[in-house]
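Please treat every number below as a calculation from the coordinates, not as lab data. Only a predicted model underlies this, so the values are computations on that prediction, with no experimental measurement involved. So basically every Cβ, Gly included, is an ideal-geometry build from the backbone, and we count neighbours across all protein chains shown.
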Ligand code: GLU
């Protein structure tokens with residue numbers, strides 16, 4: 001079997017963390033099995049769909065590194081939907097309905113008040129057809145065919161069609177609801193695995209009968225527990241947390257992928273620097289049914305950890321030229337974001353204004369300024385410098401290291417000085433220590 005997955009966003013907004021997670025899992029699954037990953041733009045709602053969102057979705061997927069093997073748009077496929085709809089109509093699997101929303105609402109309330117499930121009540125075949133009202137259309141569930149599938153996340157799922165309402169598949173104005181076009185497309189595109197949020201489970205129950213009615217076997221399904229914010233709820237913030245704000249915050253796409261690949265699974269989140277290990281480990285059987293908690297602070301921390309072992313090659317196009325490979329290696333443990341690397345350029349090359357020296361540190365500074373011209377910069381200048389200053393002044397520990405670090409870098413904290421100092425030109429170091 002060829003694995004084919006699809007990510008099917010509606011272009012009525014930009015991607016947020018929740019749908020990026022769905023995209024990622026579909027992409028990982030296709031890549032793991034050498035299959036195809038399709039982008040299906042669900043733009044049947046012509047009023048709400050916008051081209052700018054389609055562009056933003058493509059750009060975000062590219063930023064994340066999820067390459068696509070094909071793109072389809074539902075708005076270009078209406079002729080196929082029409083043909084399949086006619087076929088279902090001829091077979092009696094879709095039928096016209098004339099109730100207004102108000103009538104349906106009243107019936108629902110009546111049923112509920114009687115303690116009955118608010119299931120749509122089909123009209124008898126000979127019910128009068130009202131004049132001048134265009135019908136909307138429902139799919140006729142087969143009440144004698146219990147619905148069952150083995151969900152890759154949730155295990156055996158069972159639905160009794162008698163307890164379900166026949167779903168509306170087409171509005172009176174001829175426009176399509178999501179359910180049927182999605183099935184028609186999944187069949188036409190050979191989709192083998194449908195990976196989506198558990199909010200679609202009851203849709204799947206109806207769609208399984210649609211596959212059958214259209215004469216196709218259903219794909220495999222994985223319905224994932226939803227993502228929730230740290231407060232344990234589907235937060236507004238999470239629902240709107242877009243890629244642009246993450247990019248602006250300096251989050252690397254691989255950090256987001258690393259977190260979203262493992263969140264809600266029994267596997268640990270790891271600071272990977274490529275998607276390859278995530279491809280290898282994707283396994284829907286390892287996803288739990290409890291909501292997965294997404295924590296922005298955890299993402300920021302993971303981003304930082306990933307930068308600590310990100311190679312210069314991977315970021316060079318985003319670094320100032322002064323941040324050479326050895327300099328990147330020296331500073332990366334101190335970075336929260338790649339953009340912060342630019343802050344280190346003056347530390348290496350100036351312009352540099354040394355901070356004021358504490359009176360108590362003057363002897364250390366004087367000894368350092370004297371020692372530094374004679375030090376071989378090609379060997380291990382930091383150890384040579386500290387040894388010379390210690391010998392001359394008796395200073396040690398913090399009293400020795402901190403004033404030197406401050407005078408040489410302008411900061412109290414930072415990378416290992418033994419690694420950093422050889423990356424600052426010797427005459428710069430001489431100038432800084434003499435000035436201090
Ligand atoms: N456009 C649908 C959605 O965003 C697609 C659901 C599906 O994956 O089938 O919810």
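Given only helices, namely DSSP H runs of n ≥ 4 each adding -39500 (n - 2.57), what is the per-residue ellipticity at 222 nm of the chain, to the nearest 500 deg cm²/dmol?
Values: 19 runs with 184 residues, N = 436.
Computed mean residue ellipticity for the chain: -12000 deg cm²/dmol.
When the Kirkwood radius is taken over all Cα pairs of segment 40-99, what Stokes-Einstein diffusion coefficient follows at 10 °C and 1.306 mPa s, in µm²/s? The partial results should precede the final answer.
Working: Rh = 14.1 Å.
In µm²/s, the coefficient is 113.
State, as an integer percentage, the relative contact order of the chain based on alpha-carbon contacts under 8 Å between residues 6 or more apart.
Details: 636 pairs, mean separation 56.3, N = 436.
In percent, rounded to a whole number, it is 13.
How large is the Kirkwood hydrodynamic radius of segment 1-141, in angstrom, based on all distinct alpha carbon pairs? Don't skip to the answer; put the middle values down first.
Values: mean 1/r = 0.0538 Å⁻¹.
After inverting the pairwise mean of 1/r, the radius is 18.6 Å.
In which sequence would 162, 390 go, from the one with the fewest C-beta neighbours within 10 Å to the one with the most?
Numbers: 162 11, 390 15.
So the residues, fewest neighbours to most, are 162, 390.
Given the options 272, 110, 54, which has the most mean-square fluctuation in a GNM of the chain, springs set between C-alpha atoms less than 10 angstrom apart?
Highest fluctuation of the listed residues: 110.
Note the per residue figure in Å³ for the convex hull of the C-alpha positions in segment 83-220.
Numbers: hull volume 18.6 nm³, N = 138.
Cα convex hull per residue, to the nearest whole number: 135 Å³.
Note the angle between two axes, namely the Cα long axis of helix 398-409 and the longest principal axis of the Cα atoms of the chain, as a number of degrees from 0 to 90, rounded to the nearest 10.
70
State, to one decimal in nm, how far the label point of residue 317 lies from the label point of residue 390, with both points 7 Å from Cα in the Cβ direction.
Distance between the two pseudo-spin positions: 4.6 nm.
What percentage of all Cα-Cα pairs in segment 95-140 are separated by more than 14 Å? Intermediate values should be presented prior to the final figure.
Working: 574 of 1035 pairs.
In whole percent, the share of Cα-Cα pairs in segment 95-140 beyond 14 Å is 55.
Over the chain, how many percent of alpha carbon pairs lie in each 10 Å bin up to the one with the longest distance?
4, 17, 21, 18, 13, 10, 7, 6, 4, 1, 0
Given N residues in segment 171-249, what is its alpha carbon radius of gyration divided by 2.2 N^0.38 Å? The partial results should precede the final answer.
On the way: Rg = 16.5 Å, N = 79, 2.2 N^0.38 = 11.6 Å.
Computed over Cα atoms of segment 171-249, the ratio equals 1.43.
Looking at segment 155-307, what % of the alpha carbon pairs are farther apart than 21 Å?
Details: 6689 of 11628 pairs.
Value for segment 155-307 (Cα pairs over 21 Å): 58 percent.
Could you give the distance between the Cα centres of segment 1-17 and segment 34-90, to the whole Å?
8
Using the alpha-carbon centroid of each, what span in Å lies between segment 207-227 and segment 308-371?
The two parts, judged by their Cα centres, are 56 Å apart.
Express the Stokes-Einstein translational diffusion coefficient of segment 108-169 in µm² s⁻¹, to the nearest whole number, given a Kirkwood radius over alpha-carbon pairs, 25 °C and a viscosity of 0.890 mPa s. Show your work: numbers first, answer last.
On the way: Rh = 14.4 Å.
It diffuses with D of about 171 µm²/s by this estimate.
Taking 0.36 nm per residue of sequence separation and subtracting the Cα-Cα distance, how much length would be gained by fully extending the chain between residue 434 and residue 377, in nm to one decimal? All intermediate terms of the calculation are to be shown ahead of the outcome.
On the way: separation 57, 0.36 × 57 = 20.52 nm, distance 1.69 nm.
18.8 nm is the gain from fully extending residue 434 to residue 377.
Measure nothing but the geometry: give the 0 to 90° angle between the long axis through the Cα atoms of 78-90 and the longest principal axis through the Cα atoms of the chain, rounded to 10°.
40
Out of 418, 206, 261, any idea which swings most in a Gaussian network model of the chain, alpha carbons joined below 10 Å?
Fluctuation is largest for 418.
Project the alpha carbons of segment 289-411 onto their principal axes and report the range along each, largest first, in whole Å.
65, 32, 26
Of 102, 280, 231, which has the largest mean-square fluctuation in a 10 Å C-alpha GNM of the chain?
Among 102, 280, 231, the largest GNM mean-square fluctuation belongs to 102.
Taking other Cβ within 10 Å of each residue's Cβ, how do 5, 100 sort, fewest first?
Details: 5 26, 100 11.
Starting with the residue having the fewest Cβ neighbours, the order is 100, 5.
Angle check, please: helix 381-393 long axis (alpha carbons) against the longest principal axis of the chain (alpha carbons), in degrees 0 to 90, nearest 10.
Once rounded, the angle reads 50 degrees.
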